[in-house]
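In what follows, a structure is listed as structure tokens, so that the remarks can point back to it.
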Ligand code: 5GP
């Protein structure tokens, strides 16, 4: 199906229902939170009942977004919703929410690794962020872009493009950013809330991780253990973006960050400057994402998981 047909199908399905729950993947990032919050406002503007439920709630740095305080943190979706819109997520499983299976499911996602798991799947890997798709949905539905919708979408766009630096950022991205600024998003304020609002624990954790920094050829990596997390009083969300510090090193083409989990496995964040396709590396381990930003979980012990992932990064797929 063509992109416009998929969008029309999504709008048709929305038109036939009244009560929606919106969600995204666990450990939500800026695109997940911003797109869900914006889409919720778009649905309300269309006269629908809509709530956002996130398994892990809203991470601290996104809490100043409009309507973030209305997001429900829960393990389960209560009865009473006719449909669920799952944004920026490639499976029910990754939402970590129970109770979604029995509803009519609409998936809106821009990942290359996006899978058609819902009843209606609008997957557009050419969109730089899911926020771009929510923008198109709102425009097609003739919803006015309020400053609140614009702020949520701009924050999602800014974070998912790495502040307009990642591969894939193009003239359309800036055209979209322009529209959002015209609609009332304040770029300096959005950037300040995200990039100048770190917790002390996060910076302490970065210090711990940097002590473990290794470079092998054009691959850089570091890790943190559960003990280091505890020592820094750091939470899961304090790990977001740490991998970018490794990628910032000259000569490093791809970077990996390993975080020890409760179950002895390791959560891996992968980033690339563009030559190495890290989505395909993550897929080798059951994860996914984009060419330049992806993630997966691997079995421990640490040395074993590091070896496997670094081997794939060094000898695995490069961008076509
Ligand atoms: P992060 O490193 O920030 O956790 O994830 C980077 C990107 O990869 C995000 O777009 C995220 O949605 C995606 N990603 C991370 N982990 C997984 C995973 O386990 N499965 C899939 N399909 N995508 C993932």
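Points to keep in mind about this one:
- A Stokes-Einstein calculation at 10 °C with viscosity 1.306 mPa s, built on the Kirkwood radius of the stretch 200-315 over Cα pairs, returns a diffusion coefficient of 115 µm²/s.
- Three-way shape label, the stretch 119-197, alpha-carbon gyration tensor, a/c 1.5: oblate
- Rounded to the nearest 10 degrees, the inclination of helix 200-211 to the longest alpha-carbon principal axis of the chain is 40 degrees.
- The chain: angle of helix 302-315 to the longest principal axis, Cα-based, in degrees nearest 10: 80
- Relative contact order (percent, whole number), the chain, Cα cutoff 8 Å, 6+ residue spacing: 13
- Max mean-square fluctuation residue, GNM over the chain, Cα-Cα springs under 10 Å, options 168, 47, 250: 250
- Among 175, 279, 191, the residue with the largest mean-square fluctuation in a Gaussian network model of the chain, with springs joining Cα atoms closer than 10 Å, is 175.
- Taking the centroid of alpha carbons for each part, the stretch 211-258 and the stretch 66-85 are 33 Å apart.
- Angle between the chain longest axis and helix 171-182 axis [Cα atoms, degrees, rounded to 10]: 60
- The chain: Cα Rg divided by the 2.2 N^0.38 Å rule of thumb: 0.97
- For the chain, built as a Gaussian network whose Cα springs stay under 10 Å, the top-fluctuating residue of 186, 109, 51: 186
- For the stretch 1-132: rounded, prolate or oblate by the Cα gyration tensor [a/c cutoff 1.5]: rounded
Computed from the coordinates by the stated procedures, all read-outs in this text should not be read as laboratory data. Note that the coordinates shown come from a computational prediction; the quantities given were computed from them, not determined experimentally.
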